[in-house]
Amino acid sequence: MKILVVDDEQDVRTLFEQRFRREIRNGLFTFSFAYSGEEALDYLHDHASEVVLILSDINMPGMSGLELLRHIRQEYGAPPPTPPQVMMITAYGDDDSRQQALALGANDFLSKPVDFVALKEKLLHLTEHEN
């Protein structure tokens, strides 16, 4: 499963690569990283059919994760190819962002700090349904 992680924090790459080391080595997950909403859209223009899941931070400078989600749903909302799943991540547990993300078509919503055990379970569940 190809996963695009979108977060303006540069250390997110190291964190995901450490937490999912075994799954990456076994070829279960492939991660790509974008450090802004704009960079994520550029990546999707070239790789949309490959990306199965997008994990996006909501609070980023420039284009927010909610704006990115809106673009993704407008451009990649209907088959073909199958639209990617989108999980939104935020440091704030505020219901406004959650409701807005869900209204824009987010498939799930996670809070920071990310519970990697729970995230891994969700990703493995998605992988089972993908096959």
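General remarks:
- Top-ranked residue of the stretch 21-51 - restricted to ones that are buried (at least 19 other Cβ atoms within 10 Å of the Cβ) and touching a residue at least 40 places away in the same chain (Cβ under 8 Å), ranked as farthest from PRO113 (Cα to Cα): LEU44
- The set of residues in the stretch 115-131 being surrounded by 16 or more Cβ atoms within 10 Å (Cβ to Cβ) and not charged (D, E, K, R) consists of LEU119, LEU123, LEU126.
- Taken together, the residues in the stretch 95-113 that are modelled with pLDDT of 90 or more and part of a loop (DSSP other than H, G, I, E, B) amount to 4.
- The stretch 17-55, residues that are within 23 Å of HIS125 (Cβ to Cβ) and touching a Leu at 6+ places or on another chain (Cβ under 6 Å): SER32, VAL51, ILE54
- Among the residues listed as GLY77, GLY62, GLY27, the single one being on the phi > 0 side of the Ramachandran plot and out of contact with any Asp or Glu (no Cβ under 9 Å at 6 or more places or on another chain): GLY27
- SER56 among the hydroxyl-bearing types (Ser, Thr, Tyr) and modelled with pLDDT of 95 or more: yes
- Scan of the stretch 29-52 for residues that are modelled with pLDDT of 95 or more and outside any helix (DSSP H, G or I), ordered by number: PHE29, THR30, PHE31, SER32, PHE33, ALA34, TYR35, SER36
- One residue stands out among those in the stretch 1-19 that are crowded, with 20+ Cβ neighbours inside 10 Å and hydrophobic (A, V, I, L, M, F, W, C): the one that is nearest to LEU69 (Cα to Cα), which is VAL6.
- Qualifying residue in the stretch 61-79 (condition: of a type in the set (S, T, N, Q), under 16 Å from LYS2 (Cα atoms) and at pLDDT below 95): no
- Residues in the stretch 53-67 that are out of contact with any strand residue (DSSP E or B) (no Cβ under 6 Å at 6 or more places or on another chain) and in a helix (DSSP H, G or I): LEU66, GLU67.
The values are calculated or read from the model by the stated rules, or taken from the named source; none is laboratory data. In this text the structure is predicted, and so the values were computed from the model without any measurement. Methodologically, a virtual Cβ is constructed for each residue, glycine included, from the backbone with ideal geometry; neighbour enumeration extends over all protein chains shown.
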